[in-house]
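Structure first, then comments.
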Ligand code: GTP
């Protein structure tokens, strides 16, 4: 295809502003699928994505659109995830495009994550085309929202296309505007092959499938290719596009987007962000710049409730990493919980999704320990180590200095909730670095400890602003901090899986709040249970869960056997996610109690 007839674009949109619905409309307008095939949103392919209504992995679709000027254009739409945990994948997808549609719900206005993604797009030289969606709703305020786009993002938006992805109104105008404003790709078709890997995933039949954008040259079926960072050579067995059904075309020209299958068995062999080159010209074709590895931000221990599930659990994790290069795991052994794995995630949502998939798709009951960020510790003998597990923190005596990760957070909040949100940021040890008053919203910039942000900050900000504030953040640097390890003892025994790293000033308060929460969560048993919080050898708080006086079944009048059975059955189910610590039964919630402390 001639370059002038190709357009490569992404959609930047906040969750729920209608990206998937609009994408489905595009597919419909361009005739990619029958109405019956359209019945379901096609781009969000994983069950879990559909259920939670969020997009997790990048996908693409090639559309043939006959424009009003009579020319048929090839539109490559590269989908992007909508959640802050996955912003790395967003920037990868943007890297493969010349432009992006910024879709904003005309009844809501601009949200922080979209702003951050727009800045990334603009920095990468993309043309950002604003679109006002949900115009069918009575609460739509297109003028106000256009003004907001201009104020916050700084792009012209007065003549932004207004549409309704739901009714279909204005959808073709969006495509026309896109063709006019987004430039076609550039690149030399005769140069040696250079292609960017936008995404890779594992397919049971084909092995690794990679979504690529050809920067220069042509990728043909049968070519000997090389993955730049690994230096390994492969044979391009299948080359094609998604329409959205995978369709072999035998080649991808300069500027085009599609898939390649090359017999690679492991996604680490075709990393996202890497470059594919022709094996023959591998030495003189450089890596496409900007390639960096994703690093997990949050770590937690995952332990099977039943130790019989350990092998199965390991297999499940291996399978999940086949499709998710950002999921990290290594064996961990806990005195309290036995054998399990230390897992690294991009953020809390990522963690919840993985946990849910393990339980649902693989049927494994898990105990998850409190998530923690990665700390830097300088020891007395001058070594710098990273610690992603509180129980592996060296002795206080051998620590010279501890450093915690700091993020830069950008928050957009309507003026009426500004006070609440500032108070919350201060409570979380935030330092304000900027505040900008815009049309209706205020843009706040804070530096905050990552540990405070990853846990419940997002939910707290939402509730402090009745859902109107939005948040985006990224890692900034490590900073010296006065941190200590807070231990929890149950009946005098230190439970390694319950240890936390906290700020010294907050340690007493946190310890108290944590064990109070645990007291509510640990059911009463046949004996008293003492729960203590300690720092080093000093106990900072203590509570007791009093012994039960009566048998639970005693309150069912003797005769009703079926009712008694039911109650016992219920207890058995409730037991599934309990863990025996010494002679005390502790439910899963107790391990995550720290998430519920405010
Ligand atoms: P992510 O995939 O998580 O990024 O969300 P999304 O932005 O793709 O949102 P989605 O397309 O799933 O739409 C969210 C909700 O808004 C759905 O319930 C849609 O039916 C609804 N919706 C989308 N577009 C419109 C519209 O133009 N008008 C109205 N009234 N509702 C819409």
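The values are calculated or read from the model by the stated rules, or taken from the named source; none is laboratory data. Just so you know, these numbers come straight off a predicted model, no measurement behind them. Virtual Cβ from ideal backbone geometry, glycine too; neighbours counted across all protein chains shown.
The set of residues in region 1-16 that are at pLDDT below 90 and out of contact with any helix residue (DSSP H, G or I) (no Cβ under 6 Å at 6 or more places or on another chain) comprises 1, 2, 15, 16. Selection of region 348-367 for residues being surrounded by 21 or more Cβ atoms within 10 Å (Cβ to Cβ) and within 19 Å of the chain's Cα centre (by Cα) yields 348, 350, 351, 353, 354, 358.
Selection within region 326-347: residues that are modelled with pLDDT under 85 and more than 21 Å from the chain's Cα centre (by Cα). The member of this set that is surrounded by the most Cβ atoms within 10 Å (Cβ to Cβ) is 337.
Every residue, every condition in (1) more than 25 Å from the chain's Cα centre (by Cα); (2) within 12 Å of the ligand (Cβ to nearest atom); (3) farther than 30 Å from residue 266 by Cβ, yes or no:
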position	(1), (2), (3)
123	no, no, yes
135	yes, yes, yes
139	yes, yes, yes
145	yes, no, yes
160	yes, no, yes
178	yes, no, yes
198	no, no, no
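Counting only residues that are surrounded by 13 or more Cβ atoms within 10 Å (Cβ to Cβ) and at pLDDT 90 or above, region 414-427 holds 7 of them. Can you tell me which residue in region 315-325 is modelled with the highest pLDDT, limited to those that are within 19 Å of residue 296 (Cα to Cα) and surrounded by fewer than 17 Cβ atoms within 10 Å (Cβ to Cβ)? Residue satisfying both the conditions and the ranking: 318. Among the residues of region 162-195, those identified as farther than 20 Å from residue 63 by Cα and crowded, with 22+ Cβ neighbours inside 10 Å are 193, 194, 195. Has region 306-329 got any residue that is over 30 Å from residue 9 (Cβ atoms) and in contact with a helix residue (DSSP H, G or I) (Cβ under 6 Å, 6 or more places away or on another chain)? Scanning region 306-329, I find at least one residue that is over 30 Å from residue 9 (Cβ atoms) and in contact with a helix residue (DSSP H, G or I) (Cβ under 6 Å, 6 or more places away or on another chain), so the answer is yes.
Residue check: residue 297 meets all listed conditions (1) within 30 Å of residue 501 (Cβ to Cβ); (2) out of contact with any helix residue (DSSP H, G or I) (no Cβ under 7 Å at 6 or more places or on another chain); (3) crowded, with 23+ Cβ neighbours inside 10 Å but one, namely (2).
Across region 581-588, a minimum of one residue is classified as surrounded by fewer than 18 Cβ atoms within 10 Å (Cβ to Cβ), outside any helix (DSSP H, G or I) and modelled with pLDDT of 75 or more. In summary, strands (runs of 3 or more DSSP E) completely within region 448-542 and bearing 1 or more residues that are loosely packed, with under 14 Cβ neighbours inside 10 Å and in contact (Cβ under 8 Å) with a residue 12 or more places away in the chain occur at 470-480.
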